[in-house]
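As structure tokens, the structure follows; a few thoughts come after it.
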């Protein structure tokens with residue numbers, strides 16, 4: 001039995017929760033979130049126990065042995081992944097049973113895969129990635145750690161997406177595209193050539209905007 005704490009109590013937590021609930025070996029204890037207005041609330045039947053600093057207390061009381069991070073922002077996921085690994089918690093995946101994952105694909109830990117998502121043969125999805133609903137990652141793709149693939153993204157075979165990147169809703173990538181780390185590809189963008197510089201890319205075809213992805217700030221509870 002996995003006694004699981006979910007890190008983050010925003011929208012992403014709900015699709016993660018639903019995927020976890022399909023499997024009898026998962027026992028969700030509740031959520032931790034730094035938004036003080038959420039403390040004590042019951043969300044989909046589970047309590048927001050407190051902020052993320054409560055993690056040590058839950059471990060000491062042997063209430064949890066597993067965790068998953070349900071936060072859309074890649075930099076926040078990276079921060080909290082280091083915390084839960086330092087605490088020696090088991091890091092679980094949340095794989096919706098209505099996703100399609102090849103037995104020749106390779107998945108890391110702390111991954112969410114949503115309903116209708118496809119991960120094809122010899123594709124690799126590294127640790128702490130999000131592969132959202134109805135997104136398609138076909139054959140021989142490489143998705144590096146902390147990438148967030150939004151709903152409805154599609155890509156050809158042989159693509160590589162660098163760590164910490166975000167691919168927006170409905171974006172499309174031509175086959176064999178390489179996207180460097182720390183990129184944001186906007187909703188509906190069409191990527192037809194490699195993105196070699198970290199930054200924000202939008203449009204058809206996708207072109208770089210004069211804005212840094214570091215300027216885009218998320219609250220955990222908003223993700």
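Taken over the stretch 97-119, the criterion of being under 22 Å from residue 82 (Cβ atoms) and outside any loop (DSSP other than H, G, I, E, B) is satisfied by 107, 112. Does the stretch 178-211 hold any residues that are over 21 Å from the mean Cα position of the chain (by Cα) and part of a loop (DSSP other than H, G, I, E, B), and which are they? Hits for the stretch 178-211 are 192, 193, 194, 196, 197, 203, 204, 205, 206, 210, 211.
Hey, could you check the stretch 118-130 for residues that are in contact (Cβ under 8 Å) with a residue 24 or more places away in the chain and on the phi < 0 side of the Ramachandran plot and say which is surrounded by the most Cβ atoms within 10 Å (Cβ to Cβ)? If you could, list the steps in order and put the result at the bottom.
Of the residues in the stretch 118-130, the ones in contact (Cβ under 8 Å) with a residue 24 or more places away in the chain are 120, 126-128, 130.
Checking the rest, the ones that are also on the phi < 0 side of the Ramachandran plot come to 120, 126-127, 130.
Values: 120: 17, 126: 19, 127: 19, 130: 31.
The qualifying residue surrounded by the most Cβ atoms within 10 Å (Cβ to Cβ) is 130.
Of the residues making up the stretch 133-152, those that are part of a loop (DSSP other than H, G, I, E, B) and either out of contact with any strand residue (DSSP E or B) (no Cβ under 8 Å at 6 or more places or on another chain) or in contact (Cβ under 8 Å) with a residue 40 or more places away in the chain (or both) are 133, 134, 139, 140, 145, 146, 147, 151, 152. With respect to the conditions (1) surrounded by fewer than 19 Cβ atoms within 10 Å (Cβ to Cβ); (2) at pLDDT 95 or above; (3) more than 16 Å from residue 76 (Cα to Cα), residue 195 falls short on a single one, namely (1).
Criterion applied to 6, 64 was being assigned by the TED database to the domain that holds residue 81, within 16 Å of the chain's Cα centre (by Cα) and under 16 Å from residue 85 (Cα atoms), and the one residue passing it is 6. Every listed requirement among (1) touching a strand residue (DSSP E or B) at 6+ places or on another chain (Cβ under 7 Å); (2) at pLDDT 95 or above; (3) surrounded by fewer than 20 Cβ atoms within 10 Å (Cβ to Cβ) is met by residue 70 save one, (3).
If only residues of the stretch 153-167 that are part of a loop (DSSP other than H, G, I, E, B) and surrounded by fewer than 20 Cβ atoms within 10 Å (Cβ to Cβ) are counted, the one that is nearest to the chain's Cα centre (by Cα) is 163.
Counting the residues of the stretch 70-96 that are part of a loop (DSSP other than H, G, I, E, B), touching a helix residue (DSSP H, G or I) at 6+ places or on another chain (Cβ under 8 Å) and closer than 13 Å to residue 16 by Cα gives 5.
The values are calculated or read from the model by the stated rules, or taken from the named source; none is laboratory data. Note that the structure is a prediction, hence the values are computed from the model and not measured. Don't worry about glycine lacking a Cβ; one is built from the backbone with ideal geometry, like all the others, and counts go over all protein chains shown.
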